[in-house]
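The structure appears right after this line, and notes come after that.
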Amino acid sequence: MPRQFARQRLMSPPDRLASGAAGAALVACIARAAEPLPAIDSRDFAGFADRYADRRVVLLGEASHGTSEFYRARAAITRRLIEQHGFDIVAVEADWPDAAAVDRYVRHHALRDVEERAFHRFPDWMWRNTDVDDFVHWLRAHNESIADPDRRAGFYGLDLYNMRGSIAAVLAYLDEVDPRAAAIARERYGCLTPWQKDPAVYGRAALSRGYGECEAHVVAQLRDILAHRLDYEAKDGASFLDAAQNARLIRSAERYYRIMYYGGADSWNLRDTHMFETLTNLLEAGGPQAKAVVWAHNSHIGDARATEMGTRRGELNIGQLCRERWGDAAALIGLGTHTGTVAAATDWGSQMEAKRVRPSMPDSIERLCHGTGIPSFLLDLARDPALAERLSEPRQERFIGVIYRPETEALSHYADAALARQFDAWIWFDETQAVTPLRAEHLRPGVSDTYPFGL
């Protein structure tokens, strides 16, 4: 999930964008370039995804974590890329151990007893919603028709927050393949035990109580696992990638929570670098033919160099790193909306609400798109260089994370971004609705009530 956007930001020069005749002309240009989209449930909705069939990575964003249309659109695009173009990795802005439970389900692997139910921590609605549930069950059914287990599409988490779940997963794996190494790992990870339930407190303790040695312990543990790769793969090769990635997550999370105490760009950059490295590891493990679809917030997907994140705050993100690594073989696609409802909280850890999204601000990219009068469209910025040039200047763009505070929207949720340099394409829904959190009443007949979401 992106950080909370409710903070003071550098304000944009006023009235430079969509007002008057210049604004009307730009709206007309967008309307001419827009490719109207059919309903998301239509089999033709994702037809435009064929133009990205040859990419190594297709990154699909969202302007908020709680909008149904964004999840449904990404699911439809991903289904087409998997079914017709051989994409086999779905990598999402979620914690690795939680997504691993879903991955075992969709790829028909043996189920495990897990310490925590998947995606059961705040903000649980981000992945425990009916739209994700529909996609997960589709992916399981799709994989059932593929005889070769190695060719089945997987579901993976890129994020690093669930350090506790990753520690449990590494220890469980070593208990199976190398009990002596498991005992050493327990001793090493013991340094982090007091902080597993509330790792955000670890950064302060590391500074004031001499917990700096935890870093050396988690690095040593990762090195040991990687050094024994051949031996461990011979015993349980199918689970080695999961164990190794959990060890990487613990290493990154330890550092993340340590430097988060200082604030600034370092913690954000470490987190997005970890997500990018996780994606890279997945593609390398899948071989040269592997292709991935990434689901994450626009703040992670859009090239940071085209936003005030990069120009003013020194931050990078996974979209920028993918462009730097794969160039035109990476497609960055953002999703936006004008108004409607969104599932969000007012404060971190508070109750989810279906909140009304205020109409987009004047002089924002969203207001330009709203001005076209087209309910839903694709803007392929690579196909209209003239429009791309006009949309290469910074404009206000809305970012809603898991927190939404409409009463302070200008300061809390808008930042400068140059759309045509930020994304390769832009998917627009003028009015959108909040996701529906997954509850017991949504349980499917014949499906266990404890897997994969732990209802």
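Nothing in this text is a laboratory measurement; each read-out follows from the coordinates by a stated rule. All figures in this text were calculated on a predicted structure; none of them were measured in a lab.
Quick notes
- Calculated log₁₀ intensity ratio I(q)/I(0) where the Debye formula runs over C-alpha points of the range 308-373, q = 0.13, 0.14, 0.15, 0.29 Å⁻¹: -0.66, -0.75, -0.83, -1.07
- For residue 331, the residues whose modelled amide H falls within less than 5 Å of its own, excluding neighbours fewer than 5 places apart on the same chain, are 57, 58, 59.
- The alpha carbon convex hull volume per residue for the range 32-190 rounds to 142 Å³.
- The range 70-131: radius of gyration over Cα atoms, expressed as a fraction of 2.2 N^0.38 Å: 1.22
- Amide hydrogen neighbours beyond the local backbone of residue 414, cut-off 5 Å, H modeled: 399
- Convex hull volume per residue for the range 30-94, taking Cα atoms only, in Å³: 110 Å³
- Treating each Cα of the range 264-321 as one equal point scatterer and applying the Debye formula with no solvent, the log10 of I(q)/I(0) at q = 0.18, 0.19, 0.23, 0.26 Å⁻¹ comes out as -0.61, -0.67, -0.87, -1.02.
- Centroid-to-centroid separation of the range 258-322 and the range 119-153 [C-alpha atoms, Å]: 23 Å
- Amide proton proximity set for residue 291, modelled H, under 5 Å, gap of 5+: 88, 89
- The per residue volume of the convex hull around the alpha-carbon atoms of the chain is 138 Å³.
- The phi-based Karplus calculation (6.51 cos²θ - 1.76 cosθ + 1.60; θ = phi - 60°) puts the 3J(HN,Hα) values of the range 85-92 at 10, x, 5, 9, 10, 10, 10, 10 Hz, whole numbers, x for Gly and Pro.
- Per-residue ellipticity at 222 nm from helix content only, as computed over the chain with -39500 (n - 2.57) for each DSSP H run of at least four residues, stands at -13500 deg cm²/dmol.
- When only Cα pairs below 8 angstrom with a gap of at least 6 residues are kept, the chain shows a relative contact order of 28 percent.
- Evaluating 6.51 cos²θ - 1.76 cosθ + 1.60 at θ = phi - 60° for every residue in the range 222-236, the Karplus couplings come out as 4, 4, 5, 4, 5, 5, 9, 3, 4, 5, 5, 5, 5, 8, 7 Hz, glycine and proline recorded as x.
- Computed log₁₀ I(q)/I(0) - Debye formula, equal Cα scatterers, no solvent, the range 289-406, q 0.11, 0.12 Å⁻¹: -0.46, -0.54
- Under the Karplus curve 6.51 cos²θ - 1.76 cosθ + 1.60, θ = phi - 60°, whole-Hz ³J(HN,Hα) for the range 397-406, x wherever Gly or Pro sits: 9, 8, 10, 10, x, 7, 9, 9, 10, x
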